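Have a look at the structure below, then the notes.
The values are calculated or read from the model by the stated rules, or taken from the named source; none is laboratory data. Only a predicted model underlies this, so the values are computations on that prediction, with no experimental measurement involved. Every residue, glycine among them, receives a Cβ derived from its backbone with ideal geometry; neighbour counts consider all protein chains shown.
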Amino acid sequence: MRERVFIVTVVEERKRDIWTPRDRAEEMRELVSSTGCDIGGETIVKLREVNPRYYLGKGKVEEIKEKVQETDSQVVIFSQDLSPAQQLNIEEEIGIKTLDRTQLILDIFAHHARGAEGKLQVELAQLRYLLPRLKGKGILLSRLGGGIGTRGPGEKKLEIDRRRIRKRIEKLLEELKEVKRRRFALRKRRQSNEIPAVALVGYTNAGKTTLLNRLTKSNQLSSDSMFTTLDPVSRIYYLPGRQKILLLDTVGFLNELPHHLIEAFKATLEEASSANLILHVLDISHPVYKKREFAVYKVLEEIGAKDIPVVTVLNKIDLLPKERIDILKVSYPQGVFLSAIKGYGIEELVNRIKEFLSSYESWLQLYLPRDKIHLVKLLPRDKIIELCSKNGGLYLRARVNLATREKFYQKLRG
């Protein structure tokens, strides 16, 4: 049976924010819908001052209680994070399960975590969130029985205590450290093989995975729900001229993604921060695409990727009229406009990637037999680092861009 959720979108008036109350309410609806729950009702609360006990004023909590009863909702979800005490007090006052935004996001993460790494990261984030909430009458523990906010790996019985959770967190950190070590080794191997990496980043549900599938003809799971991709996905792709690159799909970003969730997914997000080029996939059909674009750049800065070259990929143009696209092209003169689902604009994107990586240099080290010595003329003299005679041929070491390297190998094979 699908749970009925009552959404409370809170806007703190003292905070300056480019996101309007309506924007925040719309995103909360999208997040809740991603869990498979029904929305029974919602309210927007403008908050002047935070109440330490209830976060909102007691009168407002009583008003929400009445609306919850009118809509027959089973869960209340707040758009802001609540302290453990506030969450417990509100829950006791209203009388039904009360969650905050972080728990909602964790529930969606738990639903989509399929690979071993994603499950580890989600469980770590869940337990870190749960630890300070093991108090009071055990209400927060007892909700581990089912429904929204309860999904995910890890022990799920009432006897879970702080000591056992801390031990589990330590074990998860060790396992993730090993994941990070393996990922670092893979990156070093990739770098030693000098395969340029192109990372796809973007707001959740922007179409990154659909674009990856379109480019590489793979069938990675994609959907309209948020955070479909949690585990990093990599695919080899050959640009025109057989230039080999690695395409990396990453977890979707979110406005004000809770810091400890960024920490939990650091190993995954590091893929973006070590790439040679970032494709920022932007759902240009979304009403607040500009604000989502800003949120993505904020996360890129947090993970140390702000200095990596970025190509803005304006996706879902099939949902816009031509006149609107023409106007947007003035605002994004360097952007690539495409539809990953329909395949429009893919060729332009591939050419743009090739153009950006044309200056990427890699080592060319090989022995040229006597009948191939003339191929040295294909290389710029200033790029040849070492050239010496050996067994009637030449030993060659040069630092050249990808296009020159591929052209050289084509002639060598021919």
Just to be sure, is Glu92 over 23 Å from Arg292 (Cα atoms), out of contact with any Leu (no Cβ under 6 Å at 6 or more places or on another chain) and surrounded by fewer than 16 Cβ atoms within 10 Å (Cβ to Cβ)? yes
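Residues are listed down the side, and each one gets a yes or a no for (1) exposed (fewer than 14 other Cβ atoms within 10 Å of the Cβ); (2) over 30 Å from Arg24 (Cα atoms):
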residue	(1), (2)
Asn315	no, no
Phe337	no, no
Lys354	no, yes
Ser359	yes, yes
Asp371	yes, yes
Exactly one of these conditions fails for Val61: (1) touching a helix residue (DSSP H, G or I) at 6+ places or on another chain (Cβ under 8 Å); (2) at pLDDT 95 or above; (3) farther than 16 Å from Leu99 by Cβ. Give me its number. (3)
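Would you check if there is a residue in the stretch 7-20 being part of a loop (DSSP other than H, G, I, E, B), in contact (Cβ under 8 Å) with a residue 12 or more places away in the chain and under 23 Å from Glu91 (Cα atoms)?
No, the conditions are met nowhere in the stretch 7-20.
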Members of the stretch 79-94 found to be charged (D, E, K, R) and farther than 24 Å from Glu256 by Cα, listed by number: Glu91, Glu92, Glu93
What residue, of Asp326, Asp318, is part of a helix (DSSP H, G or I), in contact with a strand residue (DSSP E or B) (Cβ under 8 Å, 6 or more places away or on another chain), at pLDDT 95 or above and of a type in the set (Asp, Glu)? Asp318
Selection over the stretch 26-48 where residues are surrounded by fewer than 18 Cβ atoms within 10 Å (Cβ to Cβ) and either touching a helix residue (DSSP H, G or I) at 6+ places or on another chain (Cβ under 7 Å) or in contact (Cβ under 8 Å) with a residue 24 or more places away in the chain (or both) yields a count of 12
If you scan the stretch 298-311, which residues turn out to be more than 22 Å from Leu357 (Cβ to Cβ) and either surrounded by fewer than 18 Cβ atoms within 10 Å (Cβ to Cβ) or not aliphatic (A, V, I, L, M) (or both)? Lys298, Glu301, Glu302
